[in-house]
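J.: Have a look at the structure that comes next, please.
Computed from the coordinates by the stated procedures, all read-outs in this text should not be read as laboratory data. The structure displayed is predicted, hence computed values, not measured ones. All Cβ positions, glycine included, derive from the backbone under ideal geometry; neighbour counts span all protein chains shown.
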Amino acid sequence: MNSDVFTSSSLGTYQACPRRYEWAYVLGIRRIRTPDRLGIGSAYHAGIEALNLGATVDQAIAKSRNAAPNEIDAERVACMVSGWHWRWREAPAFRRVLATEKVFEFKPVKRSRWTCAGKIDVIGELPDGRVAIGEYKTASEDLSPGSDYWRRLLIDRQVSLYVLGARSLGYDVDTVVYDAARLPGLKPRLLTRREGGGNGERENMEQYAARIAESMGEKPDWYFARAEIPRLPRDIEQFRTDLVHVVKSVRASGRAGVWPRNTDACRRWGACPYFGPCADCYDVETSGIPNGYERVTDVHAELTIGETDDDDHDNSAESAE
């Protein structure tokens, strides 16, 4: 496994639980997933990407629907893509799209033997001529102005990393347009007798989708929000300092062969994907790959890394070799 490339996801995994990092990025063990079926967030992203590449709304909806993990989520994500287009059709974030799905890999500190990589959703020109990154996310949190969702982004690791990544590709950026869509919490409900129910019948998918669309129409700002997340020089320097220390910790764990478990993270945001084998003290070396898992050859499969930028970048952080 390539232990010299770090993404926002891999860095966050180590900080959450070093043992989980070992499973995912050192051993390369992942849950077996159904081919061509994504989580609802990824399915939504596929639809928005299609729109940014010039697809029609119907084409984008079809792409997101086909990638959804199940029938109910297919309707949810179709409504989200359609609702996003309706919400922002008169107020596009960019007057011109310069690049989509742009992969970067660069050395964030001088003389380092490791790199950082990622894939930026969109780089474009804002209405005032500035160049910015565009990121599209799904959320289940409060998206109102001043909420903790937006406050956290002021110190978010990925935002800082992607600003540096865009700069390494030659784009002069210092801000990210963060576009968030709230996941619909509505579920298919039982029909009343007046609606033709009464014997346990639930609304069909067309009725379910219509109810989500109605909710979005009534409170668009509850479902869709957008804000600029700037990065000042001091923000970038703080990020570099944090980054160096996290990478040093990862490399120290690798040299020692010790990946401590953070048991506080086992059930955080749902169960850790490795909770079962980890709690059972499963040993991959002696017992092989656990049932339901597989070993992958590319631990950063979300990236399609092309040529890397090996130029040194101006920084004041020390090297973490």
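J.: Could you sort 224-234, 255-265 so that the peptide with the highest average Cβ count within 10 Å comes first and the rest follow in order?
T.: Highest to lowest by the protection proxy: 224-234, 255-265.
J.: Here is a further query. Of the listed values [x] 1.17; [y] 0.93; [z] 0.99, identify the label whose number matches Rg/Rh (Cα atoms, Kirkwood Rh) calculated from this model.
T.: The value computed from this structure is option [z].
J.: Given a Förster distance of 22 Å, report the FRET efficiency between Leu169 and Ser140 from their Cβ-Cβ distance, rounded to the nearest 0.05.
T.: Efficiency computed from Cβ-Cβ geometry: 0.10.
J.: Quick check: residue separation of Gln59 and Arg33 times 0.36 nm, minus the Cα distance between them. What number comes out in nm?
T.: 6.9 nm
J.: Same structure again: Could you calculate the contour length gain from Arg189 to Glu101, that is, 0.36 nm times the residue separation minus the distance between their Cα atoms, to one decimal place in nm?
T.: 27.9 nm
J.: Kindly provide the helix-only [θ] at 222 nm of the chain, computed as the sum of -39,500 (n - 2.57) over DSSP H runs of four or more divided by all residues, to the nearest 500 deg cm²/dmol?
T.: The helix-only estimate for the chain comes to -11500 deg cm²/dmol at 222 nm.
J.: Quick one: which residues, 5 or more positions from Leu98 or on another chain, have an amide H under 5 Å from its amide H? H modelled 1.01 Å from N in the peptide plane, none for Pro or chain starts.
T.: HN-HN under 5 Å from Leu98: Ile123, Gly124, Glu125.
J.: Name the residues whose placed amide hydrogens come within less than 5 Å of the amide hydrogen of Tyr293, ignoring near sequence neighbours (fewer than 5 apart) on the same chain.
T.: For Tyr293, whose amide H was placed from the backbone, the distant partners under 5 Å are Ile32.
J.: How would you rank 14-25, 51-62, highest first, on the average number of other Cβ atoms within 10 Å across their residues?
T.: Going from most to least packed, we get 14-25, 51-62.
J.: Shifting gears a bit: Given labels modelled 7 Å from the Cα in the Cβ direction, how far is it in nm from Arg251 to Ser42?
T.: Spacing of the two 7 Å Cα→Cβ label points: 3.1 nm.
J.: Can I ask one more? Please enumerate, by chain and number, the lysines with C-alpha under 23 Å from the C-alpha of Lys219, excluding those fewer than 8 residues away in the same chain.
T.: Cross-link targets: Lys137, Lys187.
J.: Rounded to the nearest 5, what % of DSSP beta bridges with both residues in the chain are antiparallel?
T.: Given both bridge residues lie in the chain, the antiparallel proportion sits at roughly 70 percent.
J.: If you don't mind, there's one more thing I want to ask. Taking θ = phi - 60°, what integer Hz values does the Karplus form 6.51 cos²θ - 1.76 cosθ + 1.60 yield along region 108-119, in sequence order, with x for Gly and Pro?
T.: x, 9, 5, 6, 6, 9, 10, 10, 10, 9, x, 9
J.: Report the full-extension gain for the segment Gln207 to Glu285: residue separation times 0.36 nm, less the Cα-Cα distance, to one decimal in nm.
T.: Full extension of this stretch gives 23.0 nm more.
J.: At what distance in angstrom do the alpha carbon centres of region 154-194 and region 1-30 lie from each other?
T.: What the calculation gives is 22 Å, centre to centre.
J.: Per-residue HN-Hα couplings for region 88-101, Karplus 6.51 cos²θ - 1.76 cosθ + 1.60 at θ = phi - 60°, whole Hz, x for Gly and Pro?
T.: The phi angles translate into 10, 4, 9, 9, x, 5, 10, 7, 8, 8, 9, 6, 10, 6 Hz.
J.: For a quick check: with amide H placed at 1.01 Å from N, whose amide H comes under 5 Å from Thr7's, ignoring anything fewer than 5 positions away on the same chain?
T.: Ala117
J.: Here's a follow-up. So if I place +1 on the C-beta of Lys and Arg and -1 on the C-beta of Asp and Glu, and nothing else carries charge, what would the dipole magnitude of the chain be about its Cα centre? I want it in debye, nearest 20.
T.: Using only the charged Cβ atoms, the result is roughly 720 debye.
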